[in-house]
1. State to the nearest 20 debye the size of the charge dipole of segment 5-175 about its Cα centre, where the only charges are +1 on K and R beta carbons and -1 on D and E beta carbons.
2. For segment 308-397, what relative contact order do you get, as a whole percent, if you take Cα pairs closer than 8 Å and at least 6 residues apart?
3. Over segment 228-305, with every protein chain in place, what whole percent of the accessible area is carbon and sulfur at 1.4 Å, could you tell me?
4. HIS293's amide H: which non-local residues (gap 5+, or another chain) put their own amide H closer than 5 Å, with H modeled 1.01 Å from N in plane and none for Pro or chain starts?
5. What order, most packed first, do the peptides 299-306, 187-194 have when packing is the mean number of other Cβ atoms within 10 Å of each residue?
6. Roughly how many debye, to the nearest 20, is the charge dipole of the chain about its Cα centre, given +1 on each Lys and Arg Cβ, -1 on each Asp and Glu Cβ, and no other charges?
7. Within the chain, how many Lys pairs that are eight or more residues apart, or on different chains, come under 26 Å at the alpha-carbon?
8. Calculate log10 I(q)/I(0) of segment 286-393 for q = 0.21, 0.22 Å⁻¹, where I(q) comes from the Debye formula with a single equal point scatterer on each Cα and nothing for solvent.
Amino acid sequence: MRLSDSDRAILDGEAGRSASKAMEILVALGEIYGAESMLEVGSAQVSGVSYHNLDEAGLEWLEQMAEDGRARVIATLNPAGMDLERWQELSVDPGFASRQKRIVDAYGRMGIARACTCTPYLVGNLPAPAEHVAWSESSAVAFANTVLGARTNKEGGPSALAAALTGRTPAYGLHLDAGRAPQVEVRVEATVGPSTAAWGALGAALGKLSAGKVPLVQGLPRPRLEELKAFGAAAVTFGASPLVHIAGVTPEAASHPRPRESVVLGANDLEEAWASLVDPGDEVDLVCLGCPHASLGELARIAALLQGRSVARTTWICTARATAETARSIGIVQRIERSGAIVVADTCFVVAPLAGRGTLATDSAKGCYYSRGHNRLAVKLGTVERCLDAAVEGRWR
Ligand code: F3S
């Protein structure tokens, strides 16, 4: 692999021990994937924040990296394992909380913003089309490639941190024109309803159908931003590439040669994908919205749907702290919380300790997948309206 003089100097320790370690990680990654050189990145989005996933060894490694590691580009964090301000109110174990805070503090010392969110593009980490970035959370990676037209592989936590500390990433995969060319055309012949749940189910169906190839999707209605983030999150979770060309949406979709292989995604595929995310029974114990983290528009809509109602089940609305603060400044958070629902920031219902609490209702296909596998919950995928009805009535109708 060809290294520039400045890459070589970082590797040789001229920018400190942590930057050298970071460059070692990037060189190893580049060699595995056959990269010929490094690229400059405009920003990083770093996963590996929840103490649940990192454990003691991960915490110690981060504290060592924080001794002299300093970010060279804008970098933001993925959700942590708890709301960093309201953790006591949410009954988080104090031992877990103190370790979680040490992790976020270590990142903070490295100059990585504590905007713990999977929607960095809604809170100021917004790349330009064709800009190279190093992001790690799968839904954010899908949004960056598919909607913004930025270029990023799906980084692991250590490689995204390494990119933050050096401003570099190896040139392979979705950074290169060749890696971004669509490999299969998917013609959607199903009617996709205007809801995040329907677009999530569509993403799940696409993931199964395209099996890791870069798809070019034709025949979709014009989506809203919230539907795009639900779609990308589900598509990657269920096996799609973290770049999905959507005709009429993805900036470069029309600039590649049309793929030779073509498949149809029909009404049955969509129905099956949705039905596979609705477990039997009508009891609901927990309702969670905001996966990926809710936008300001979603929070406003939830506030309107909860107006004058009280929830009978634990109801979490997950969002970025900056989005929550903006919503609070215009009374939206207060209106949601008057119903008994809670606006939770910095974390989400998958990475927070919510395991084993019965049946979860959510509008997120990705949230269903991980809640089932990771948190041992039964799940129900439904529209935001249907989930909020379940929150109020305690039943799935
Ligand atoms: Fe974000 Fe958590 Fe969902 S990280 S995409 S809210 S699983």
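The values are calculated or read from the model by the stated rules, or taken from the named source; none is laboratory data. Computed from a predicted model, the values in this text were never measured in an experiment. We place every Cβ from the backbone using ideal geometry, glycine too, and count neighbours over all the protein chains shown. Only protein heavy atoms, including side chains, enter the accessible area calculation; ligands, DNA and RNA are left aside. Shrake-Rupley method; radii C 1.70, N 1.55, O 1.52, S 1.80 Å.
1. My answer is approximately 320 debye.
2. 29 percent
3. C and S fraction of accessible area: 56 percent.
4. The answer is CYS118, THR119.
5. 299-306, 187-194
6. Dipole magnitude for the chain comes out near 640 debye.
7. 15
8. Summing over Cα pairs of segment 286-393 leads to -1.06, -1.16.
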